[in-house]
1. Can you divide the C-alpha Rg of segment 54-146 by 2.2 N^0.38 Å and report the result to two decimal places?
2. Which whole-Hz ³J(HN,Hα) couplings does segment 205-218 yield from phi under the Karplus relation 6.51 cos²θ - 1.76 cosθ + 1.60, θ = phi - 60°, glycine and proline marked x?
3. Amide H to amide H, which residues 5 or more places from Glu298 or on other chains are under 5 Å from it, using H placed in the peptide plane?
4. Could you please report the charge total around Ser249, scoring K, R as +1 and D, E as -1 over all other residues with beta-carbon less than 10 angstrom from its beta-carbon?
5. Would you work out if segment 193-307 is rounded, prolate or oblate? Take a ≥ b ≥ c from the square roots of the eigenvalues of the alpha-carbon gyration tensor; rounded if a/c is under 1.5, else prolate when a/b is larger than b/c, oblate otherwise.
6. With r as the distance between the Cβ atoms of Ser347 and Glu437 and R0 = 35 Å, compute the FRET efficiency 1/(1 + (r/R0)^6) and round to 0.05.
7. Between Asp275 and Asp181, take the C-beta separation as r, use R0 = 51 Å, and let me know the FRET efficiency to the nearest 0.05.
8. Apply the Karplus curve 6.51 cos²θ - 1.76 cosθ + 1.60, θ = phi - 60°, to the phi angles in segment 144-152 and return the couplings in whole Hz, x for Gly and Pro.
Amino acid sequence: MATAKRPRAMFRCGECGWEAAKWVGRCGECQVWGSVAEVGAPALRVAPGAVTTKAVPIGDVAVEAATSVSSGVSELDRVLGGGLVPGAVILLAGEPGVGKSTLLLEVAAQTARSGRRTLYVSGEESASQVRLRADRTGAVEAELYLAAETDLGAVLTHIEDTQPALLVIDSVQTIGTSDSDGVPGGVSQVKEVAAALVRTAKTHNITTILVGHVTKDGSIAGPRVLEHIVDVVLNFEGSRESRLRMVRSMKNRFGPVDEVGCFDLSSDGIVPVTDPTGLFLEARTIPVSGTCVAVTMEGRRPLVAEVQALVSAQETEKPRRATSGLDSSRLALILAVLQRDRRLRLSSRDVFAATVGGMRLLDPAADLAVAIALASSFSEVAVPTGVVAIGELGLAGQLRRVRDINARLDEAARLGFTHAIVPADTNSSLKKRPGLEILEAFSLPDVLDALRFRQ
């Protein structure tokens, strides 16, 4: 008698879906280690099953249940697109010590203060340690419940007992389950824990915030599927030498993905900064050589930042190039463009460039300000205090137009600047602003000649 052929097992990568006939330690497509797991034989037939809710026309779906509620932190509401959406799952990632736990404890306290029950689950600290931080920041509230757990089953029990409106898990890499292989923080464990928390959030309509770790290169640790199953992915940035912290939206199903929130982190807690421009400018009345002001866009928010440069007076055999807050490769490009002018001999000089307040400038519109600061330091000619420079620098020295030029000029006019240098080929009508004179230039040599940065 012939026997039925046994279905063959199949192995699939949990990151990219690559399939193989046998198990391998490394995915042959995305090259990720430990992501290939057995998924069993493919089903030959799938029978119809029960549905949770009946399909209805999209116009009949009620939207009241998905209306966002303010988190009590204005800058976080700005990034989220209005506030916390019931049933949404938010992933907040950042480097150790940047202030993730402090921010989320403040959000939890504000939510509890509004009368909505909040459950804060800490897997990295004990309950007494979190209470000490809450006393320091003034986050002790009656509706804020605290638990220190590392087991998924215990976390789900706490959720059933407290029935919170907001759930904070700090962090998802510390929660484990005995139903899955591996250790807490591993690929299989993180996937299982995250999937269970997402199901609970959607079923009970609980807003859930998951704290995630980052790798050495700054990306979110764990499987890529973690970012796919959540609704919002936020990145918490900041330098240890500065009190400024920024929250960037990397993914948002309920709002824009180009918003940035600014915060001030101190020993007393974390507070929103609605107008952070003053953190990136130095107040001075006397012009100083080697400085220039740029208007950069952080998401949809214009920020005025000051660039400082120092060019050594003596030539050296091995010139140094050091940056702080600026891209070193971008600085090399700007120096190459400046050195095309034979009167600006920078190839054998030490060059140092930095930003004020620990801000990191990645916007190409700051190229013109960096070039002016370098030429100012080399020529020892100061830029007038009321001048801002906006423009991207091309390899031939031409000034390229940048986006949101009118929004940048509005911010410069609001802060009292009197002159703005912009590219001449903006191809857009520049609005006239009282007290702000707009100077259009086609190339960098035209700007340097106008400011008399020649020797």
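1. Details: Rg = 15.7 Å, N = 93, 2.2 N^0.38 = 12.3 Å.
The reported ratio for this selection is 1.28.
2. 6, 10, 6, 10, 10, 9, 8, x, 7, 10, 8, 5, 8, x
3. Excluding prolines and chain starts, which carry no amide H, the hits are Leu303.
4. On the way: positive: Arg78, Arg248, Lys251; negative: Asp258, Glu259.
Combined, the nearby Lys, Arg, Asp and Glu give +1.
5. On the way: a/c = 2.50, a/b = 2.46, b/c = 1.02.
Taking the square roots of the gyration eigenvalues as a ≥ b ≥ c, segment 193-307 is prolate.
6. On the way: r = 35 Å, r/R0 = 1.00.
E between Glu437 and Ser347, to the nearest 0.05, is 0.50.
7. Values: r = 51 Å, r/R0 = 0.99.
After rounding, the FRET efficiency stands at 0.50.
8. Karplus-based 3J(HN,Hα) across segment 144-152 equals 9, 9, 10, 9, 10, 9, 10, 9, 5 Hz.
The values are calculated or read from the model by the stated rules, or taken from the named source; none is laboratory data. Worth saying up front: this structure is predicted, and the values here are computed from it rather than measured. Don't worry about glycine lacking a Cβ; one is built from the backbone with ideal geometry, like all the others, and counts go over all protein chains shown. Each accessible area value is taken on the protein alone, full model and side chains, heavy atoms only, with ligands, DNA and RNA left out. Shrake-Rupley method; radii C 1.70, N 1.55, O 1.52, S 1.80 Å.
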